[in-house]
Amino acid sequence: MNLRENWRVVLLVVFVVLASVALFAPTGSSDAPTNQVPAQSTQSAQNGTNGTNASGNNTTVTVQANTTDGPTNLKFGLELSGGTRIRAPLVGLTAEGVEVPADNATTLEQDLATRLNVSTLDLRVDSQGRTVEVFTENVTEEQFASALQASGYDVQQNEIRDGVTEQTLETAVGVLDRKIRGAGSLSGGDAAIVRSGGEAFVLIEVPGATRAEVLELIGDRGQVVVVAHFPDGNGSYRNVPLFSQDGIANVNPVQIQQTQQGGEQPVVPTTLTQTAAENFSDAMQKFGFTQQGVSACRTNMPNDEDGYCLYTVRGDGVVDGEIRGDVVYKAAMGPDLANIINNEDFVKDPSFVTSAPNRSAAQRLQLDLQAGALPAELDLDSGTSYYLQPSLASEFKSFSVVTGLVAMLAVAGVVFFRYREAGVALPMVLTAAAEVYILLGFAAAVGLALDLSHIAGFIAVIGTGVDDLVIIADEILQSGDVKTGRVFASRFRKAFWVIGAAAATTIIALSPLAVLSLGDLQGFAIVTIVGVLVGVLVTRPAYGDILRSVVLD
Amino acid sequence: MSRFEVQTIDYTRYSNRQLVAIPLLVLAVALAVIVGWYALTGAPVSPGIAFTGGTELQVSTTASSGEITQAFESRTPYEVESVQQAGSGNSWLVTFQATENSEVRQITSAAEDAGYTIESVSSRSASFSGESQRQALLGIGAAFVGMSLLVFVLFRTFVPSIAVVASAFSDIVIPIALMNIFGIKLTLGTVAALLMLIGYSVDSDLLLNNHVLRRSGSFYESTYRAMRTGVTMTVTSIAAMSVMTLVSSRFVFGIPLLPEVGIVLVFGLTADLMNTYLLNVSLLRYYKYEGIAK
């Protein structure tokens with residue numbers, strides 16, 4: 001056996017070996033958190049965990065994007081592992097091409113918040129990107145345009161579009177990723193941006209979780225605002241938002257503190273950012289929290305009689321002077337903290353402890369603080385959701401393997417019946433099998449999460465692969481024996497014209513699927529296209545060489 | 001070497017007109033079915049939930065189809081659109097028009113309340129699905145145009161190229177008509193299968209054209225050789241797809257997606273056998289004996 005003459009066979013063997021390595025070699029990273037993007041998603045900005053991930057966090061569990069189980073490194077998507085997939089756009093309107101000087105951004109936000117009667121947290125002015133966004137369902141395009149006009153920006157209604165900016169989408173995906181990874185009850189999953197037509201969607205996949213579990217985690221924005229609530233001296237109360245997640249630089253695991261009364265108090269220790277710390281320190285002194293307000297929150301009283309309190313609010317915080325959202329906890333200014341603030345030392349070590357009524361509320365608060373708030377709510381009514389029971393999914397997995405094998409047997413049967421010669425038919429079936437094997441190796445190597453559409457693609461590859469091998473076999477075995485290598489080479493080239501042309505049509509026919517985001521079908525298209533390429537470039541030429549050694553001997 | 005001989009038609013006995021008549025008649029009937037369907041339902045083929053929007057719930061229960069409808073309609077204000085047996089054993093697929101998040105919550109809690117095990121829930125909003133439908137049609141159109149252009153580039157002559165394109169067109173139209181007749185809905189799986197057919201079904205046509213136009217030997221000899229190879233190819237694929245359809249169907253394993261992909265490919269490949277060896281062959285023979293001479 002001459003290696004040089006049989007380089008195509010050598011190439012096939014090399015690919016099979018590579019596929020085996022990809023499929024079976026133990027990977028050190030298999031139990032480390034992976035940033036695997038699911039197959040259906042376009043490349044997304046996964047800004048991961050931006051330094052807010054405290055080490056030793058007792059709620060963080062080891063996560064994997066998609067479950068790899070069994071003896072191989074193959075990853076399986078939701079249709080074969082079970083779990084929940086949610087695809088939804090973000091609620092919001094965007095005004096494009098608005099020239100806002102950077103210095104005016106905050107003023108415009110406050111202006112618009114008053115005009116539209118929304119929280120400033122529902123607005124985002126990006127002077128660099130020249131966009132203004134509003135993240136609520138309650139504002140129409142018309143209202144948004146006229147509010148912008150009233151604030152002195154010439155924006156027409158037709159310059160406002162449905163949807164949010166790329167930046168907002170990326171922030172949302174980062175927050176969702178951190179939420180999914182941080183939630184102790186979930187065993188992994190991730191979020192990504194996908195596009196369908198002109199619209200952008202957030203795609204969330206959580207293996208093993210039910211629809212309700214996922215919605216519990218991502219159903220609201222998880223916005224947390226600390227609000228100063230205090231008497232204004234004229235007989236009424238004021239509410240001033242102090243900081244939200246944006247003002248928190250670092251979040252530590254939940255701790256249990258002993259209260260003076262001997263009870264237990266779950267708390268989330270945090271560190272504020274420099275800006276938030278300065279703002280907080282000034283506000284506390286100005287509003288009297290560090291003087292008459294020390295230890296002066298009567299939590300058992302109604303809101304308009306309770307004194308000087310720091311409210312932890314889940315929701316929009318303050319709109320038009322009123323609390324909007326749920327007050328999770330009311331806390332008083334402690335004497336120690338008041339001292340630190342009065343000595344202007346707070347800014348040097350801005351540690352702030354957020355309390356919660358019980359341990360589970362504290363865990364939830366910790367997760368929300370750490371993951372950050374979603375910039376906009378998910379519009380769950382305009383997307384899709386999918387849940388598959390994990391036990392049923394694992395049935396699909398083993399059944400589809402059997403289906404593939406049976407299809408392979410059927411092909412083998414037809415081929416043996418047609419050629420009646422093991423020397424021709426056996427290599428044919430083995431080559432087609434090698435093609436699928438290499439393709440599986442490819443899937444493992446690139447971390448493609450296999451779904452049912454990929455399985456359909458694999459079976460389609462068996463079909464096309466054998467078709468082309470039949471063309472090669474018939475061309476070479478045609479009347480008149482192959483006497484020399486040259487005759488063989490000429491016939492082989494002729495066969496390849498058809499194979500190349502057929503491969504090109506298949507790739508062209510399926511490329512719309514790979515490009516258009518019909519979501520669930522991208523996998524099918526990718527597997528089939530890669531399969532055709534592997535076939536034409538590697539396995540089918542090798543079959544020609546194998547056949548030559550059969551006929552020339 | 002003993003060989004299994006593919007049955008061939010003695011083409012010399014029939015005129016081009018006679019040969020073309022059968023595939024054209026079948027194509028006409030198929031188009032009539034599609035047009036009729038369009039007139040009756042407003043769509044050339046009934047779209048499934050992926051393209052209309054709706055909620056599909058798969059539950060496992062020993063209750064009967066009537067009891068399931070009753071159970072949902074007494075607990076929720078939403079009408080049950082259909083109840084079908086799914087998978088093997090006691091799995092049922094229940095569909096609703098309702099898609100809003102709160103509605104889906106009500107439906108799933110109704111299922112739990114009735115004591116059914118939820119095996120799968122999938123819901124797609126109408127707006128999302130409308131966009132998917134537009135993209136699917138666009139995709140099929142683009143794939144067909146792309147394939148046609150490639151065929152014209154490959155052969156650079158009108159009649160042989162149009163023969164391939166016409167045959168591929170019929171290969172798509174016949175399965176769509178059959179989908180209407182057998183009540184198979186247009187799903188993501190069937191769209192994939194139709195696209196696959198565009199790429200798959202031209203293989204045997206390319207082979208035939210290549211043998212007739214680019215090889216030495218008489219027309220009938222070349223056709224015979226191409227047919228022997230081509231029929232083997234198509235029969236192999238039909239075998240693989242029939243087996244996949246059968247094994248993954250709800251009578252055996254009950255795997256979603258695979259049966260619908262398989263059945264549409266079986267329809268299309270079978271149509272391709274007829275189209276390649278009656279339609280394409282006669283157009284090629286016309287081109288070889290009359291088209292060039294003119």
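A few notes on this one:
- Any hit, segment B:210-227, residues being touching an Asp or Glu at 6+ places or on another chain (Cβ under 7 Å) and either more than 9 Å from chain A (Cβ to nearest Cβ) or open to solvent by less than 20 Å² (accessible area, probe 1.4 Å) (or both): no
- The residues listed here are A:Arg195, A:Arg181; of these, the one that is within 30 Å of A:Gln522 (Cα to Cα), among the basic types (Lys, Arg) and out of contact with any Phe, Trp or Tyr (no Cβ under 9 Å at 6 or more places or on another chain) is A:Arg181.
- Subset of segment A:414-433 that is open to solvent by 10 Å² or more (accessible area, probe 1.4 Å) and under 30 Å from B:Val191 (Cβ atoms) - its residue that is nearest to the chain's Cα centre (by Cα): A:Ala433
- Within segment A:508-535, considering residues that are modelled with pLDDT under 75, more than 7 Å from every other protein chain (Cβ to nearest Cβ) and in a helix (DSSP H, G or I), the one nearest to A:Ile459 (Cα to Cα): A:Gly519
- Top-ranked residue of segment A:299-328 - restricted to ones that are within 17 Å of A:Gly247 (Cβ to Cβ) and of a type in the set (Gly, Ala, Ser), ranked as surrounded by the most Cβ atoms within 10 Å (Cβ to Cβ): A:Gly317
- Residues in segment B:75-87 that are open to solvent by 80 Å² or more (accessible area, probe 1.4 Å) and over 33 Å from the mean Cα position of the chain (by Cα): B:Arg75, B:Pro77.
- Unique residue being under 29 Å from the mean Cα position of the chain (by Cα), open to solvent by less than 60 Å² (accessible area, probe 1.4 Å) and either at pLDDT 85 or above or not small (Gly, Ala, Ser) (or both) when the list is B:Asn90, B:Asn16: B:Asn16
- One residue from A:Ser196, A:Ser127, A:Ser187 being within 30 Å of A:Ser360 (Cβ to Cβ) and at pLDDT below 90: A:Ser187
- Residue list for segment A:440-474, filter: buried (at least 24 other Cβ atoms within 10 Å of the Cβ), of a type in the set (A, V, I, L, M), in a helix (DSSP H, G or I) and away from chain B (no Cβ under 14 Å): A:Ala443
- Qualifying residue in segment B:173-182 (condition: open to solvent by 10 Å² or more (accessible area, probe 1.4 Å), touching a helix residue (DSSP H, G or I) at 6+ places or on another chain (Cβ under 9 Å) and within 11 Å of chain A (Cβ to nearest Cβ)): no
- Taken as a whole, the condition of being of a type in the set (D, E, K, R), within 14 Å of chain B (Cβ to nearest Cβ) and in a strand (DSSP E or B) applies to A:Glu205.
- Residues that are of a type outside the set (Ser, Thr, Tyr), within 11 Å of chain A (Cβ to nearest Cβ) and not in a helix (DSSP H, G or I), drawn from segment B:94-114: B:Ala98, B:Glu100
- For segment A:393-412, a residue qualifies if it is at the interface with chain B (Cβ under 7 Å from one of its Cβ atoms) and closer than 24 Å to B:Thr229 by Cα, and the qualifying residues are A:Val406, A:Ala407, A:Ala410, A:Val411.
- Segment A:417-433 residues that are within 12 Å of chain B (Cβ to nearest Cβ), paired with ones that are among the polar types (S, T, N, Q) and open to solvent by 30 Å² or more (accessible area, probe 1.4 Å) (beta carbon under 7 Å, 6 or more apart): A:Arg420/B:Ser2
- Of the residues making up segment A:125-155, those that are open to solvent by 60 Å² or more (accessible area, probe 1.4 Å) and under 31 Å from the mean Cα position of the chain (by Cα) number 6.
- For the criterion of being open to solvent by less than 10 Å² (accessible area, probe 1.4 Å), under 28 Å from A:Tyr387 (Cβ atoms) and at pLDDT below 90, A:Pro71 fails.
- Residue match in segment A:484-492 (condition: open to solvent by less than 10 Å² (accessible area, probe 1.4 Å) and either within 18 Å of B:Ser201 (Cα to Cα) or modelled with pLDDT of 85 or more (or both)): no
- Residues considered: A:Gln261, A:Gln285. Of these, the only one that is part of a loop (DSSP other than H, G, I, E, B), out of contact with any Pro (no Cβ under 9 Å at 6 or more places or on another chain) and either open to solvent by less than 70 Å² (accessible area, probe 1.4 Å) or modelled with pLDDT under 85 (or both) is A:Gln261.
- Where a residue in segment A:234-253 is open to solvent by 30 Å² or more (accessible area, probe 1.4 Å) and its partner, wherever it lies, is in a helix (DSSP H, G or I) and at pLDDT below 90, with Cβ under 6 Å and at least six apart: A:Tyr237/A:Asp304
- Qualifying residue in segment B:198-206 (condition: open to solvent by less than 10 Å² (accessible area, probe 1.4 Å), of a type outside the set (Ser, Thr, Tyr) and more than 7 Å from every other protein chain (Cβ to nearest Cβ)): yes
- Hits in segment B:115-133 - residues which are among the polar types (S, T, N, Q), open to solvent by 30 Å² or more (accessible area, probe 1.4 Å) and at the interface with chain A (Cβ under 8 Å from one of its Cβ atoms): B:Thr117, B:Ser127
- Enumeration of residues in segment B:45-68 that are open to solvent by 60 Å² or more (accessible area, probe 1.4 Å) and part of a loop (DSSP other than H, G, I, E, B): B:Thr62
- Taken over segment A:352-366, the residue count meeting the criterion of being in a helix (DSSP H, G or I) and open to solvent by less than 20 Å² (accessible area, probe 1.4 Å) is 3.
- Tallying residues that are in contact (Cβ under 8 Å) with a residue 60 or more places away in the chain, in a helix (DSSP H, G or I) and either surrounded by fewer than 23 Cβ atoms within 10 Å (Cβ to Cβ) or small (Gly, Ala, Ser) (or both) within segment A:214-229 yields 1.
- Of all the listed residues (A:Val313, A:Val328), the sole one being assigned to a strand (DSSP E or B) and under 18 Å from A:Gln265 (Cβ atoms) is A:Val328.
- Restricting B:Ala136, B:Ala142 to residues that are assigned by TED's automatic domain parsing to the domain that holds B:Asp205, open to solvent by less than 30 Å² (accessible area, probe 1.4 Å) and closer than 30 Å to A:Ile507 by Cα narrows the list to B:Ala136.
- Some residue of segment B:263-286 being closer than 20 Å to A:Ala393 by Cβ, more than 8 Å from every other protein chain (Cβ to nearest Cβ) and open to solvent by 20 Å² or more (accessible area, probe 1.4 Å): no
- Residue within segment B:212-227 that is assigned to a helix (DSSP H, G or I) and among the small types (Gly, Ala, Ser) present: yes
The values are calculated or read from the model by the stated rules, or taken from the named source; none is laboratory data. Keep in mind it's a predicted model, so treat the numbers as computed, not measured. For neighbour counting, all protein chains shown are included, and Cβ atoms are generated from backbone atoms with ideal geometry for every residue, glycine included. Protein only, heavy atoms only, side chains kept; ligands, DNA and RNA dropped before computing areas. Shrake-Rupley method; radii C 1.70, N 1.55, O 1.52, S 1.80 Å.
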